[in-house]
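Engineer: Take this structure, written in structure tokens, and hold onto it; I'll ask about it next.
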Amino acid sequence: MSDQKHAERRGGLADAVRLGTRAGVYVLLGGFSLLAITTVVGVLGPMLALDLYTPPVAAWWTVFTAVVVQGVPFLLLGACVSAAVGVLVPERVFTRLLPRRQVLAVPVAGAAGAVLPGCECASVPVAGSLMRRGVAPAAALAFLLSAPAINPVVLVATSLAFPGRPMMVVARLVASLGTAVVMGWLWARFGREEWLRLPAKAPAGTGASRVSAFTASVQHDFLHAGGFLVLGSGAAATFNVTVPRSVLDAFTASAWVSVLLLALLAVVLCVCSEADAFVAASLSGFGPVAQLAFMVVGPMVDLKLFALQAGTFGREFAVRFSSATWVAAVAVSVLVGWWVL
């Protein structure tokens, strides 16, 4: 009888290993295939556009491909982390780590965003998984906003983009974390359940069933959010092609107008948070507060992130939350920039 139990355990372990290996292969092949397709399309698209004597279309393809290629790896990372959190981490872990009172859980969750080196594409599925595991929406949303903005990769990139200006890194850290905490507290105070479409809880399992649940979760989150990433990338590319540069340069004279302009520009450019500091540094005609607003708003509110939030939590939520986040990010950026810079 004992030998039979050992044999069943060995068989179950072997099945789990096989399923895990298969899931890993599928994830890698799927990610590499999508990257290869977008790269090929990005190369052939401009060539075809130039052959048809339509340079604007070639520019559209270039911007579209750049945004998608930037976002896909982190979206895949977010889907894998989300699936791992949902399948492997017990709910009691979160209840022990986070304070019970939301007013304290929000800043703790916001500070925890520093441990996930990814962009906004990865934070949305992870936040959805946290909600599925019983984390209060206010804390999960604070994590969603802070993770792409205060992680070590982003802060190092900011220091390289602004050499000799360490206070720009400090200002970005303080303003981004402050915005995330403020939005978490605002949701805890004023948010309504009917505004937020909570992700359905995934059934728990053991052994091979956990591997199957992990694979299914990765496939669902990656494919579902990937479609909205493409839509947001298309919108960003359209803006880049249709709005002339001269229109943007006309607003650099006023400090207040330049802050609002770069805050709006961050929404439509959809630059990955690991690269937006270099874009902000290249906008040398704008003041440091406007550059700070660009770096704070971008990882929290842009077209592709809005599309991802709408697909994951519902359009009604995305409209309200993104609008409030933009206002809070601009206000906190101005205050921190005036104080630090």
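A short reminder: the numbers here are calculations on the coordinates, not readings from a lab. Please read these numbers as outputs of a predicted model, since none were measured by experiment. Here the Cβ positions follow ideal geometry from the backbone for every residue, glycine too, while neighbour counts run over all protein chains shown.
Engineer: Which of rounded, prolate or oblate describes region 268-341 when judged by the alpha-carbon gyration tensor and an a/c cut-off of 1.5?
Structural biologist: Details: a/c = 3.28, a/b = 1.63, b/c = 2.01.
In terms of gyration-tensor shape, oblate.
Engineer: I need the peptides 139-152, 184-197 ranked by packing, meaning the mean over residues of other C-beta atoms within 10 angstrom, with the highest value on top.
Structural biologist: Averaged packing, sorted descending, gives the order 139-152, 184-197.
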